[in-house]
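Data block below; observations after.
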């Protein structure tokens, strides 16, 4: 049973890590920005890209990685998959946040606020 849990944890770690990397690449953000967003070093981001390091389940970096992937999916939904619009939204000043969202999501409270904002915007699409 313990070995099965370990294998499941490893698979979840690998899947989330690869999802973080895909979102990071599609959004065109820098390794330095991703490192700040999920709380790891820039060399760790490099190891993640090479599939030699996975975010550890139960860690802060795992949780922040999950939030980052969620943010990507919400933004992708709102922009209809248009990367240029998503990139512009991340990098331009936002009246709601008082700064570019890319700066906002570099803190835990900022990430949660951005997720709530995007989720509320998606809710209007579903209504």
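Side notes on the structure shown:
- Test: residue in the stretch 46-64 that is closer than 13 Å to residue 27 by Cα and in contact with a helix residue (DSSP H, G or I) (Cβ under 8 Å, 6 or more places away or on another chain): no
- Screening the candidates 81, 65 for the property of being in a loop (DSSP other than H, G, I, E, B) and either within 20 Å of residue 119 (Cα to Cα) or without any contact (Cβ under 8 Å) to a residue 24 or more places away in the chain (or both) yields one hit, 81.
- Filter result (in contact with a helix residue (DSSP H, G or I) (Cβ under 8 Å, 6 or more places away or on another chain) and farther than 16 Å from residue 66 by Cα) within the stretch 34-43: 41, 42
- Exactly one residue out of 92, 70 is under 15 Å from the mean Cα position of the chain (by Cα) and either under 16 Å from residue 18 (Cβ atoms) or modelled with pLDDT of 95 or more (or both): that is 70.
- Members of the stretch 1-42 that are more than 25 Å from residue 87 (Cβ to Cβ) and without any contact (Cβ under 8 Å) to a residue 24 or more places away in the chain: 1, 2, 3, 4, 5, 6, 7, 8, 11
- Scanning the stretch 98-123 for residues that are closer than 21 Å to residue 39 by Cα, assigned to a loop (DSSP other than H, G, I, E, B) and over 13 Å from the mean Cα position of the chain (by Cα) yields a single hit, 100.
- Which listed residue, of 54, 89, is surrounded by 13 or more Cβ atoms within 10 Å (Cβ to Cβ) and touching a residue at least 24 places away in the same chain (Cβ under 8 Å): 54
The values are calculated or read from the model by the stated rules, or taken from the named source; none is laboratory data. Bear in mind the structure is a predicted one, so any value in this text is a computation, not a measurement. With ideal geometry, Cβ positions are generated from the backbone for all residues, glycine too; neighbour counts draw on all protein chains shown.
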